[in-house]
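S.K.: My questions will all concern the structure given below.
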Amino acid sequence: MAVSLPGIVLTDQWLDVPLDHAAPDGEQITVYAREARSPDHENLPWLLFLQGGPGGKSPRPDGPDAWLRRALRDFRVLLLDQRGTGRSTPVTARSLAARGDAAAQADYLALFRADSIVRDAELLRAAVGGGTPWSTLGQSYGGFCTLTYLSLAPEGLRECFVTGGLAGLEASAEDVYRRTYPRVVRKNDAFYARYPGDEAVVRGIVDLLTESEVRLPAGDRLTIERLQALGMAFGASGGYERVHYLLEEAWDSGEVLSPTFLAGVQEHTSFAISPLYAVLHEACYAQGSATRWAAQRVRDELPAFDAAGGGRVLFTGEMVYPWMFRQEQALEPFAAAADLLAERSGWPDLYDVDRLASNAVPVTAAVYHDDMYVDAELSLDTATRVGSVRTWVTNEFEHNGLRADGDRVLGRLIDMARGRA
């Protein structure tokens, strides 16, 4: 059934796909995608949107805003809820428990990476797009999926646009964090330079948490580590302000933390609505060897992040840590399986380096020079090793450039692909 909103027509698309593509006649799951098109154009070529994440559902449009407005001038857009998210047979604590013990749960979750997402997309292309090659737009993790797509099924692709998502082809999770932690430190420096008064506020909160037990609205204990996790916001435009405005209202009469602050911390540090993000975050880098909670191992080598030791409190970035699965009630049902995934070895390769080197599918990619999440040097190295890639390197945007100014960012990539830039 189609739904018409001002400037956009939305249509649901459903498809049953194998849970394990290596066993096509086995268990099936459902994949959902929402078609978005301009009411003035019914037969434009397809653009598949690959959402960031991992474990993120596609946007829920209420009109042709941000990047979608630009996309609808040239394409019909397919907003894919990647398997396990949104309306695509979602992975929840309840559904995971039904899988059996932790080992069975880990085996199940291992089937939700980029290689499976790409194979789902190929079945969608045949069912929805009639088998014609389509264009893709990969934001962040969606760019990782794009490289996997180019490795597994380039014949399905007409052209690819990537924003903040050229992954290091052979970089492990540990390699990524050794590069991104120093950038997180610089983001902290910039935050405190902009809001120097916040340093004392944050130190006061940490001192309180050291001496007292403070509970968030859902009942989770607010720990120092969870407070530091607010720094994930520093990788997006407006992130400094988001944290600063929380800190402005941190204290209730100067003695206890305010309900407003506690609710805000919970909102910005919870994985309740995106558990797959936490579960698969390091696994999205895994090729061969185990990740072994790489972000935590690297952090343990960096005393600057030990907030209990006095001095400046540093916030962390886009890292997932094992303690998160014990400190947040919503993640506890995933803890045992997540530990097994962290120790899992023998992961299949996500990228075919030789095939990518000879790639002929046009790719235009925005590389954000100061990206806190995806290392720009690794992205540019990948660009030199994949055929037919053109990059636009800019420090005008943070990692969320596509959402912040989608008309300009996507428009630039389309112009590059069309020879207009």
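The values are calculated or read from the model by the stated rules, or taken from the named source; none is laboratory data. All values reported here derive from a predicted model rather than from experimental measurement. Because the Cβ atoms are built from the backbone with ideal geometry, glycine has one as well, and the counts that use them run over all protein chains shown.
S.K.: Name every residue in the stretch 276-308 that is over 15 Å from Gly56 (Cα atoms), small (Gly, Ala, Ser) and part of a helix (DSSP H, G or I), in order of residue number.
M.R.: Hits for the stretch 276-308 are Ala294, Ala295, Ala304, Ala307, Ala308.
S.K.: Something else: Could you identify the single residue in Tyr245, Tyr277, Tyr192, Tyr285 that is over 15 Å from Val313 (Cβ atoms) and surrounded by fewer than 19 Cβ atoms within 10 Å (Cβ to Cβ)?
M.R.: Checking each option against the conditions leaves just Tyr245.
S.K.: Here is a further query. Let me spell it out: the conditions are (1) in contact with a Ser or Thr (Cβ under 8 Å, 6 or more places away or on another chain); (2) in a loop (DSSP other than H, G, I, E, B); (3) among the hydrophobic types (A, V, I, L, M, F, W, C), and Ala421 meets all of them except one. Which number is the exception?
M.R.: Result: Ala421 passes all but (1).
S.K.: Scanning for something under 19 Å from Arg408 (Cα atoms), among the hydrophobic types (A, V, I, L, M, F, W, C) and not in a helix (DSSP H, G or I), does the stretch 59-72 turn up at least one residue?
M.R.: Yes, the stretch 59-72 contains a residue that is under 19 Å from Arg408 (Cα atoms), among the hydrophobic types (A, V, I, L, M, F, W, C) and not in a helix (DSSP H, G or I).
S.K.: Still on this structure, I have one more. Restricting the stretch 391-411 to residues that are buried (at least 21 other Cβ atoms within 10 Å of the Cβ) and over 13 Å from Tyr368 (Cα atoms), which is modelled with the highest pLDDT?
M.R.: Restricting to residues being buried (at least 21 other Cβ atoms within 10 Å of the Cβ) and over 13 Å from Tyr368 (Cα atoms), the top hit is Leu410.
S.K.: Of the residues Leu246, Leu157, only one is in contact with a helix residue (DSSP H, G or I) (Cβ under 7 Å, 6 or more places away or on another chain), free of Cβ contacts under 8 Å to residues at least 24 places away in the same chain and of a type in the set (A, V, I, L, M, F, W, C); which?
M.R.: Criteria check complete, one pass: Leu246.
S.K.: Oh, and also: Among the listed residues Ala104, Ala98, Ala167, Ala127, identify the single one that is touching a residue at least 24 places away in the same chain (Cβ under 8 Å) and either farther than 24 Å from Ala376 by Cα or of a type in the set (Ser, Thr, Tyr) (or both).
M.R.: Ala127
S.K.: Restricting to the stretch 219-241, count the residues that are closer than 27 Å to Asp300 by Cα and either among the basic types (Lys, Arg) or free of Cβ contacts under 8 Å to residues at least 12 places away in the same chain (or both).
M.R.: Count: 2.
Residue-by-condition table, conditions (1) within 25 Å of Tyr285 (Cα to Cα); (2) modelled with pLDDT under 95; (3) more than 23 Å from the chain's Cα centre (by Cα):
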position: Glu35; (1), (2), (3): no, no, no
position: Asn43; (1), (2), (3): no, yes, yes
position: Gln51; (1), (2), (3): yes, no, no
position: Gly56; (1), (2), (3): yes, yes, no
position: Arg73; (1), (2), (3): no, no, yes
position: Gln82; (1), (2), (3): yes, no, no
position: Pro90; (1), (2), (3): yes, no, no
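S.K.: Surrounded by fewer than 20 Cβ atoms within 10 Å (Cβ to Cβ) and within 22 Å of the chain's Cα centre (by Cα): which single residue out of Asp375, Asp370 fits that description?
M.R.: Asp370
S.K.: When the residues of the stretch 327-349 are filtered to those that are in contact (Cβ under 8 Å) with a residue 60 or more places away in the chain and part of a loop (DSSP other than H, G, I, E, B), which remaining residue is surrounded by the fewest Cβ atoms within 10 Å (Cβ to Cβ)?
M.R.: Only one residue tops the list, namely Pro348.
S.K.: Among the residues of the stretch 397-414, are any in a strand (DSSP E or B) and over 10 Å from Leu166 (Cβ atoms)?
M.R.: Within the stretch 397-414 (the criterion being in a strand (DSSP E or B) and over 10 Å from Leu166 (Cβ atoms)), the answer is no, since none of the residues qualifies.
S.K.: Separate question: Hey, can you tell me all the residues within the stretch 227-257 that are over 24 Å from the mean Cα position of the chain (by Cα), of a type in the set (A, V, I, L, M, F, W, C) and part of a helix (DSSP H, G or I)?
M.R.: Residue satisfying the conditions is Leu247 alone.
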